[in-house]
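We did not get these values from a lab; they are worked out from the coordinates using the rules stated. Note that the structure is a prediction, hence the values are computed from the model and not measured. Positions of Cβ are backbone-derived with ideal geometry, glycine not excepted, and every protein chain shown enters the neighbour counts.
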Amino acid sequence: MSGLAACGGSSPTPTAPTTTTPPAAVPPVPTGAAPVTQIPGCAGAGTTLFDALPVALADFLAFRPLGFLSPPIHMFPAKHSAFGMSMPGTVAPKVPIRAPGRVWVKEIWEATFSTGGANYQVYVYPCNDVRVYFGHLATLSEKLLTEMQKVPASCNSFADGTALVTTCRHLDMAVPLESNEAMGTGPDTAGVDFGLVDFRRSPAAFIRLEHYDHFYPYWASPLDYFTADVRTQLAARTGSVFGSPLRTASPIGGSHAQDVAGTAQGNWFPPGVYHANTTDLGPMLGLASDYVDPSQPIMAIGSSIRGMAMGLYSFSVESQGLTNRAFRAVTADGNTYCFDRFRSGQSVGGLPLRQPAGVLLMSMPGDSTLRVELAPGSSCASASRAFTVGASTFER
């Protein structure tokens, strides 16, 4: 099992069917997320909603903060956390997954993959403006399985870049669960995803919100929603999915929103192909940071840069000049920036790094446009910084 598999990312994460019509600038709550009568309203903006760990301390190695990168699924910093449950080369045992507090199960999705395997996603609401997601469950509790089978399924299939995914969604349920009540067992691979969307929050500061789906700007770290004692226990395990090192940078729960306006840092799309209108994120480009150590730059390269293999790339940041600058230092200033001396091995967070056969050129023709090309050369000092017709263009 690879390091990525050990991070709970070996199976595609099913997503809702997309639409070719972008949502409004501030995405509304979709119809499928409308409140159910039995689910109470949220009291103000308070974030203390949970009082129990979904996975017992003895059953997981680490809690992964937001911001994990893993092409082709997580081309952008991951919007959800996860419980890391096994090391590379080991198989994670199935353990109980329990409700983190008093919640209502509103949706259950069954996912099967053309490459083999299946799993469940369970969506619960502690109140009607907060949507919580548990992914990579291998089984459901008898109670949830019985209730799910009472609700007709709506199924669709789509390609996510690695497999054909068939998702059957059972919606508009309202099954109450007490805190610590069993939901099922997991993981199906090596970890259990745990994510949270809070529609009471202001949307995250992505450059163009209309390029994302309805939920994307409202994801938050589940770490912030526990009582103080449980949060302390979880924070003490938050970091690399392999258990060490821990994340010490603030916020401990990480961040999925890393766009910096007017700079190269953040999420980039091929022209006209956005998160809002495709399920295949493979062609995207993420210029972000390691999920454990934000000081380490990470390039998530997909399928759009000629000559570069899909994967993660990193380098040692220079504080001046036009070589190996931090992404936030690359601006629409008329210069061509160059990256070389790419690191080998793993990132601080244990993610495998690749090395290209050449140097990488980068420039910003405008504040929302980026040009990138792999150029021949062993170093930026000797390489030509002239773009060719083979350069790739991205936009916000």
(Q) Given an 8 Å cut-off on Cα distances and at least 6 residues of separation, report the relative contact order of the chain as a percent. (A) 19
(Q) Under 5 Å between amide hydrogens, which residues at least 5 positions from residue 183 or on another chain qualify, with H placed 1.01 Å from N in the peptide plane? (A) 97, 98, 99
Q | Kirkwood Rh and Cα Rg combined as Rg over Rh, evaluated for the chain | A | 0.97
Q: Would you kindly state how much longer the chain becomes between residue 277 and residue 393 on full extension, computed as 0.36 nm times their sequence separation minus their alpha carbon distance, in nm to one decimal?
A: 39.9 nm
Q.
Distance between the C-alpha centers of region 202-237 and region 345-360? Whole Å please.
A. 27
Q: With θ set to phi - 60°, apply the Karplus curve 6.51 cos²θ - 1.76 cosθ + 1.60 along region 229-246 and write out the HN-Hα couplings as whole Hz, x wherever there is a Gly or Pro.
A: 5, 6, 4, 4, 4, 6, 4, 6, 10, 8, x, 4, 5, 8, x, 7, x, 8
Q: Per DSSP H run of n ≥ 4, the term is -39500 (n - 2.57); total these for the chain, divide by its residue number, and report the mean residue ellipticity at 222 nm rounded to 500 deg cm²/dmol.
A: -1000 deg cm²/dmol
Q: Using the number of other C-beta atoms within 10 angstrom as an exposure proxy, rank 287, 374, 322, 137 with the fewest first.
A: 322, 374, 137, 287
Q: Report relative contact order for region 258-396 in percent, whole number only (criteria: Cα-Cα under 8 Å, sequence separation at least 6).
A: 23
Q | Packing-based ranking, highest mean first, of 223-230, 278-285 given that Cβ atoms within 10 Å are counted | A | 278-285, 223-230
Q) Cross-link partners among lysines for residue 106, C-alpha distance below 23 Å, same-chain residues fewer than 8 apart left out? A) 79, 143, 150
**Q.** residue 146-residue 309 FRET efficiency (beta carbon distance; Förster radius 56 Å; 0.05 resolution)
**A.** 0.75
